[in-house]
Amino acid sequence: MEEKSNSTPLNSNEKFALKHAPLYSLSEILPLRSVSELRDYCYIRNKTNIKKIKKGSLSIETYKYITDEKSFIDILYLMSDEMLDFFVDLINKKSIEYDEPFSCDILMNILYGYIHIFHHNNKQYLVIPTEIKELYKKIVTNNFLNERAYFKYIEKYAKACANFYNIITYKDLAHIYNSQNEDKINSKDLYNFLSKHYILGKGYLLFESVIAYENNNLKLSDIDDFLKMTKNIPRYIPEKEELLKYQNKEYYENTPEIEALRNYLNEFWNAEVKPVDRFIKDLIFYTRRDKDPKELSKMIEDYNIVIFCDPERRLTDFMEFLLNTIKSIRTPSINGYTINELVENKAKSNITILKSFRRKKKRNYSRFL
């Protein structure tokens, strides 16, 4: 392994990796970790700050937290399917020689303490301690994997609906799920079902009455206001395949209007670098999250868009493309409809009401003939 320059000190993990060949037992690994790392393990695994405790006792506490069965089950539910496949592959081997840099984010947020890195003879190894392997074999049965798969499938709907609608009640979530799947779920059981393995950072927020998109500033009063605002608006439900794409919070339906705006900006935006895709993503984000119109205007202004075409038409053309795009975006505050669709539906509804009124009027007249 190449030595680092004096200007870049080794972090504690690198110091540990340089000193030790791969070890395979948690009881061997933990005593070699620093006090600060052991405290990190305790905090991340148990959300507990442990201070003023000797290193030996700290190692014992850390060992207890990492090998706790319930906590490990939560981790198995938290892992993506791809991450679980990787984890199982590593469980079935003594160690894996891993050439690519291993993500610190994964270590810190999910697998911290369950996977350990060693550098030995210029090679990097990943190791799952024997205690964790034994715990995995004890917990994971075919029945467990089936239950986990079912939970993850329901959770896909929770995350997708939270992103698509911003806020949705369990009754509405159950209705959407039941309309698209043969098996049925009960809305009254959904909160307890999802909360069993829920932690912050899963891509949605869990409340007793609703599921919401991740938003650190969301207040209970905001939820009440949103539900009142959308109560009497019909709900648009995308096809199953389209809906589940909204698990990715950056996904959006690429409408003809959005594509027209993209093509227009690519052709007429007078700039050396044209961040067209980023602008469109921001426009969709601000529209879908119901930002104040002043914030939306400021966002557009910050891009300093200068249109290079006929001066008499440039502002008119740009505003037309912009407004057409905004009216084509699926908006949570109108239950997933676009403004265009809502206007069209209202017009159809008015025509239906008028026809109904005329039929009733005709029948009423006939009584007096």
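Brief remarks on what is shown
- Given (1) at negative phi; (2) under 21 Å from the mean Cα position of the chain (by Cα); (3) without any contact (Cβ under 8 Å) to a residue 60 or more places away in the chain, number of the condition Ser187 does not satisfy: (2)
- Residue tally, condition without any contact (Cβ under 8 Å) to a residue 12 or more places away in the chain and aliphatic (A, V, I, L, M), over region 126-148: 1
- Identity of the residue in region 303-322, outside any loop (DSSP other than H, G, I, E, B) and in contact with a helix residue (DSSP H, G or I) (Cβ under 9 Å, 6 or more places away or on another chain), that ends up modelled with the lowest pLDDT: Arg314
- Residue, farthest from Ile334 (Cα to Cα), within region 255-279, restricted to residues that are surrounded by 15 or more Cβ atoms within 10 Å (Cβ to Cβ) and touching a residue at least 40 places away in the same chain (Cβ under 8 Å): Phe268
- Restricting Thr48, Thr62 to those that are in a loop (DSSP other than H, G, I, E, B) and either at pLDDT 85 or above or among the hydroxyl-bearing types (Ser, Thr, Tyr) (or both) reduces the list to Thr48.
- Considering region 88-130, and only residues there that are among the aromatic types (Phe, Trp, Tyr) and under 17 Å from Ile75 (Cα atoms), the residue that is modelled with the lowest pLDDT turns out to be Tyr112.
- Test: residue in region 120-138 that is touching an Asp or Glu at 6+ places or on another chain (Cβ under 7 Å), closer than 30 Å to Glu37 by Cα and in a helix (DSSP H, G or I): yes
- Here region 196-237 is the region considered, the condition is being of a type in the set (Gly, Ala, Ser) and at pLDDT 90 or above, and the residue that is surrounded by the most Cβ atoms within 10 Å (Cβ to Cβ) is Ala212.
The values are calculated or read from the model by the stated rules, or taken from the named source; none is laboratory data. Because the structure is predicted, anything quoted here is derived from the model rather than measured. All Cβ positions, glycine included, derive from the backbone under ideal geometry; neighbour counts span all protein chains shown.
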